[in-house]
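Accompanying notes for the structure given below.
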Amino acid sequence: MKKITCKNCGAQFSDELSKCPYCGTMNRKGAYKEFRLKISGFVDSMIGLKEETHKSLSRMIFTSFFRSLIIITVIIGLAYVLSLSAKVNYYNDKEYDQKAYEEIIWADENMDKLDEAYAKGDFDTIEKLYHENYQAVSHWAHYSSYVFKKQYLEIMDYKEINEYRMEDILYFLYYPGYYARYDGMSKEEKEIYENDRLAVLEFMEEKGYTEDELKTIYHSCKDNYGYLSYEKLRKHLKEEKNG
C-alpha cells in the first residue's frame, strides 16, 4: 500500500483514501478510485438485476439500452466529480503554497530574533513569536530545548503538588517526548535538560518523594492508552506536602 503526504497538514496516509483522515484535504487519485469502485459495483448490481430480461429479444434490447444509459451516466458523473476534484485541489494547492510562502517570509524576518532571545533566556519574546506563528517556531532549531526549559521553570515554581502538577513532573522526568522532541536537540541542550531533570528530582525529594517512588507512581498510574490518570495520581499524593 503506497503512502502519500498531505499537502495541507503533512500527515502520511494511504493513496487509496479519498481524503486526508487528519485534516480532510481531498486526495484526487483516491477519490477517483473510490468513485470508480462504487460506480463499478453499482453497474454490476444493476446488470445483475437485468439478467432475467435475456429470456426475450425485447428484454435483451431494453437491457442493452439500459446498460448504455448507465455507462453514459457514469461517464458524465465521473467527469463532473473529476472537475470538482481538480477545482478543489487547485484552490487547496494555491492556499497551501501561499501559507508556505508566508511562513518562509516570516521565518526570514524572525528566526534571528528567536536565536537572540534564546541566547538571552528571554522566554517572553519567544512566547510572543510562538503565538504569532506557532508552525514556524515549532520547526525552529532550539524549539525543544526552549519547551523543556520553560517546563522546568514552571515546575520549580510549584508551591504545592496536585495531580495536574504531578502529571507535568512525571512526564518531564520519564517521558519528555510528551512535550517536544528530545532526539532533535544538540548535545549541549541535552546536557542542560539532564541537569534540569536532576534539579527536579531534588525538588521533589524536598517534597517527600524519592526517585524510586516517582518511578513507581509513573508506571502504576498509566491508563490503557499509556497516559497518566488523574484519578490514580490523586491517590499517590502526600497530604502533608499538599495541605
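Coordinate-derived values only; no laboratory data. The shown structure was predicted, so the numbers you read here are calculated from the model rather than taken from an experiment. When we count neighbours, we look across all protein chains shown, and the Cβ atoms used for this are built from the backbone with ideal geometry, even at glycine.
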Item to complete: Please find the FRET efficiency linking Tyr225 to Leu69, where r is the Cβ-Cβ separation and R0 is fixed at 51 Å, and quote it to the nearest 0.05.
Response: 0.45
Worksheet entry | Lys232-Ile4 FRET efficiency (beta carbon distance; Förster radius 30 Å; 0.05 resolution) | 0.15
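Can you tell me how much longer the chain between His131 and Tyr174 gets when fully stretched, taken as 0.36 nm per residue apart minus their C-alpha distance, in nm with one decimal? Numbers along the way, then the final one.
Details: separation 43, 0.36 × 43 = 15.48 nm, distance 2.77 nm.
Taking 0.36 nm per residue and subtracting the Cα distance, the gain is 12.7 nm.
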Worksheet, complete the sentence: The extension gain from Ala11 to Lys215, computed as 0.36 nm times the residue separation minus the Cα-Cα distance, is 70.1 nm
Practice prompt. On each of the three principal axes of the Cα atoms of segment 141-241, give max minus min coordinate, whole Å, ordered largest first.
Written response: 40, 31, 20
